[in-house]
Amino acid sequence: MSASHMKRLAMPRSWPLTRKTDIWISRPRPSGHPIERCMAIGVILRDVLGVAMSMREAKRALATRRILVDGKIVTDMRRAVGIMDVLSVGDEHYRCILDYNGKLRYNSISAKEAKLKLCRIDGKTTIKGGVTQLNLHDGRNILIDDANKYNTQDSLVIEVETQKVKAHHKFESGANCYLIGGNHIGNTAQMKEYVVKRSSKDNEVIFDDFGTISDHVFIVGDTTLPLSEVSE
């Protein structure tokens, strides 16, 4: 196994690819997404969207500079495209989500929807000058003025082009949640209770009929998946 490839038999179960047709598969470069929640863009173009018949064709497509991820031109074949990322191929737009079987899907969305992205706050840090920085699930960081306005596990609707926060969904009881892990992956459910464990165990989120760890919960608020229009 090399740094750029991995055996198909060892690839994450979330990748919607056949395992025994070939030996190797391209490994996405390290990103803010765990490897089970993202795929390399070259693989997506060839094996998922079918816009290229081979990796050579995918490389040529990227060289046209008409393929973007979150509004930025991508030329790297191994650029990771993960949960909630917006992939634009010419005039076609897609959002990465997980289906009910836990498989990564790149659902077609409108150009208007492609301007927005839902991001989960995975951490908060204070940097030089006492400025608060939000660490989002996809690896990006945003500087904010009010340190108390946003909390870890909250979700933000970001305008892709300007990086401005268009909406804020709090991690609280009654919030509408999209599940990105566990037995109920791909479903949405309303949070009933958040249980903080005073130990090394993961914090738990309780729903009507089941519970799961907080890492599997992504607050989506009043939006739908793929992400629809939201009001400011």
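Every number in this text was worked out from the coordinates using simple rules, so none of it is lab data. Source: prediction; values computed, not measured. In this analysis, Cβ positions are derived from the backbone assuming ideal geometry, glycine residues included, and neighbour counts consider all displayed protein chains.
For the reader, a short list of remarks on this structure follows.
- Residue order, fewest to most surrounding Cβ atoms within 10 angstrom, among Ser31, Ser4: Ser4, Ser31
- Ascending count of other beta-carbon atoms within 10 Å, so fewest first, for Asp76, Asp146: Asp146, Asp76
- Treating each Cα of the chain as one equal point scatterer and applying the Debye formula with no solvent, the log10 of I(q)/I(0) at q = 0.11, 0.15 Å⁻¹ comes out as -0.59, -1.06.
- In order along the stretch 151-157, phi translates into HN-Hα couplings of 10, 4, 5, 5, 10, 10, 9 Hz, rounded to whole numbers, per the Karplus curve 6.51 cos²θ - 1.76 cosθ + 1.60 with θ = phi - 60° and x for Gly and Pro.
- Over 24 Å (Cα to Cα) - which of Lys72/Lys164; Lys128/Lys170; Lys124/Lys197; Lys115/Lys192 fall in this group: Lys128/Lys170; Lys115/Lys192
- Normalised contact order of the stretch 176-219, rounded percent, pairs of Cα under 8 Å and 6 or more residues apart: 39
- Counting neighbouring beta carbons within 10 Å and listing from fewest to most, the residues Leu156, Leu49, Leu9 come out as Leu9, Leu49, Leu156.
- Net charge dipole size for the stretch 115-191 [Lys, Arg +1 and Asp, Glu -1 on Cβ; Debye, nearest 20]: 100
- Sequence-distant contacts, meaning Cα pairs under 8 Å at least 6 residues apart, place the relative contact order of the chain at 13 percent.
- Sequence-distant contacts, meaning Cα pairs under 8 Å at least 6 residues apart, place the relative contact order of the stretch 131-206 at 16 percent.
- Charged-residue dipole, Cβ positions (Lys, Arg, Asp, Glu), the chain about Cα centre, Debye nearest 20: 1160
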